[in-house]
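First up is the structure itself, then whatever we jot down about it.
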2 protein chains.
Amino acid sequence: MAAVALLSGGLDSITAALLATGGGEVVHALALDYGQRHRVELERAATLSAHFGFIYHLARVSLSDWGGSALTDPGVAVPTGGLSEGIPPTYVPGRNTVFIALALSLAEAVGADQIVLGINSVDYSGYPDCRPEYLEAYSRLADLATRAGLEGRGPRLIAPLQRMHKVEIVQAALELGVPIELTWSCYLGGAEPCGRCDSCRIRDAALAEAGRIDLMTAVGQAALQAGG
Amino acid sequence: MAAVALLSGGLDSITAALLATGGGEVVHALALDYGQRHRVELERAATLSAHFGFIYHLARVSLSDWGGSALTDPGVAVPTGGLSEGIPPTYVPGRNTVFIALALSLAEAVGADQIVLGINSVDYSGYPDCRPEYLEAYSRLADLATRAGLEGRGPRLIAPLQRMHKVEIVQAALELGVPIELTWSCYLGGAEPCGRCDSCRIRDAALAEAGRIDLMTAVGQAALQAGG
């Protein structure tokens with residue numbers, strides 16, 4: 001059968017796609033242009049998709065029109081001072097709900113029986129729409145929402161990274177041959193990853209723990225050397 | 001408080017918006033450009049929104065890229081031979097799931113506490129994503145998906161037309177002062193409504209039953225005169 005994999009261009013989503021499918025299946029990669037600052041991730045999604053022989057789809061959706069997030073609204077700053085408690089300003093209202101809905105639409109149009117998500121609820125940014133109970137509720141909705149669901153073969157939502165620590169994700173990525181240097185996780189849209197946003201910090205810490213300091217951001221490497 | 005109302009430009013959604021809000025509230029109307037054939041409905045949504053003093057938002061989402069429906073894929077014909085059993089080819093995979101997700105995103109960004117939908121499951125086209133159990137599952141998801149939901153004030157999904165017959169909707173629209181002549185329900189993108197697609201047929205039958213033959217399509221009026 002076929003799978004739809006939401007691909008952000010980051011480390012998690014490509015690792016999830018490979019963990020869940022593992023060859024033999026047709027994989028439809030779905031990247032979303034939602035007006036994000038870090039548009040370089042879309043190029044990386046296309047590159048990673050081609051690297052692994054996926055069928056690439058790019059959908060556009062205008063989540064940036066109403067702002068509400070540091071990732072889409074130029075008037076809201078991306079925090080770079082370190083992780084903090086609560087839901088951070090990089091949370092995009094309804095983003096995963098919209099993305100999974102689009103994946104559901106694509107899955108139904110191409111006849112895919114699974115939707116693979118890079119969602120993680122261990123070493124993550126505290127977004128409400130990454131939690132297991134959220135995904136369970138969405139699975140129930142997917143069964144009711146679609147023609148295939150009515151016929152008892154609605155697409156399954158699969159999140160293989162859900163309960164993995166970031167270092168385990170990095171280790172899996174390395175084992176699966178993910179070209180980590182091509183993935184883009186930084187929330188900012190600079191030429192190089194900033195090393196200071198939540199996403200860079202979580203990733204750098206995991207790469208350090210996995211012994212792959214060479215793959216860390218320049219800022220992360222400098223901080224590690226200064227600290228050690 | 002504020003409400004988000006999904007507005008299609010048709011008769012049902014504007015009637016639902018007025019039934020649910022009834023003055024006093026700020027209403028954010030949300031129209032969706034998803035590559036539909038019947039793009040005239042978007043102009044009508046803007047006109048109706050202005051008529052009732054709503055704040056108008058137009059979001060774009062590329063559901064037409066992967067086709068799968070007579071409403072978005074030029075290669076699939078819109079049936080004009082009358083209503084039939086089962087899910088018709090005008091069903092757009094995942095459409096309502098995507099639309100409600102976008103409404104949820106807007107509601108969170110503007111702080112709206114309700115989302116109003118024109119969904120109906122009595123005189124309708126048999127789409128799986130119009131049924132009450134679908135909406136209940138989505139309400140559960142909305143509570144889990146959002147920052148507001150975490151704080152116990154997630155937006156409520158309201159479908160005031162859910163269990164109304166189409167003739168009751170027409171009667172409500174007339175009482176609420178909906179300019180029915182400005183609403184657009186036809187699935188085809190012609191200069192005049194076709195009178196033959198499911199949507200035109202359902203609407204014409206209700207207008208006839210409500211005694212407003214003057215508001216029916218020209219084709220519908222001619223058929224009524226030929227039949228009677």
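The values are calculated or read from the model by the stated rules, or taken from the named source; none is laboratory data. These numbers were taken from a predicted model, which means no experiment stands behind them. Neighbour counts are summed over all protein chains in view; Cβ atoms, including those assigned to glycine, are modelled from backbone coordinates with ideal geometry.
Quick notes on this one:
- Scanning region A:213-224 for residues that are buried (at least 17 other Cβ atoms within 10 Å of the Cβ) and more than 15 Å from residue A:80 (Cβ to Cβ) yields A:215, A:216, A:221.
- Of the listed requirements (1) hydrophobic (A, V, I, L, M, F, W, C); (2) at pLDDT 85 or above; (3) more than 27 Å from residue A:178 (Cβ to Cβ), residue A:61 misses just one: (3).
- When region B:14-44 is filtered for residues that are touching a helix residue (DSSP H, G or I) at 6+ places or on another chain (Cβ under 8 Å), within 24 Å of residue B:188 (Cβ to Cβ) and not in a strand (DSSP E or B), the ones remaining, listed by number, are B:14, B:15, B:34, B:35, B:36, B:44.
- Filtered residues of region B:175-228 (kept if free of Cβ contacts under 8 Å to residues at least 40 places away in the same chain and of a type in the set (Asp, Glu)): B:175, B:181, B:192, B:204, B:214
- Residue selected from region A:80-95 under the condition out of contact with any helix residue (DSSP H, G or I) (no Cβ under 7 Å at 6 or more places or on another chain) and modelled with pLDDT of 70 or more, by the criterion surrounded by the fewest Cβ atoms within 10 Å (Cβ to Cβ): A:81
- Residue A:221 satisfies every condition listed in (1) assigned to a loop (DSSP other than H, G, I, E, B); (2) modelled with pLDDT of 90 or more; (3) polar (S, T, N, Q) except (1).
- Residue A:98 crowded, with 20+ Cβ neighbours inside 10 Å, assigned to a helix (DSSP H, G or I) and within 8 Å of another protein chain (Cβ to nearest Cβ): yes
- Among residues of region B:40-63 that are on the phi > 0 side of the Ramachandran plot, those with a beta-carbon under 8 Å from a residue that is outside any helix (DSSP H, G or I) at least six positions away or on a different chain give the pairs B:53/B:27.
- Counting only helices (runs of 4 or more DSSP H) wholly contained in region B:102-211, the ones carrying 1 or more residues that are within 14 Å of chain A (Cβ to nearest Cβ) and at pLDDT 90 or above occupy B:132-145.
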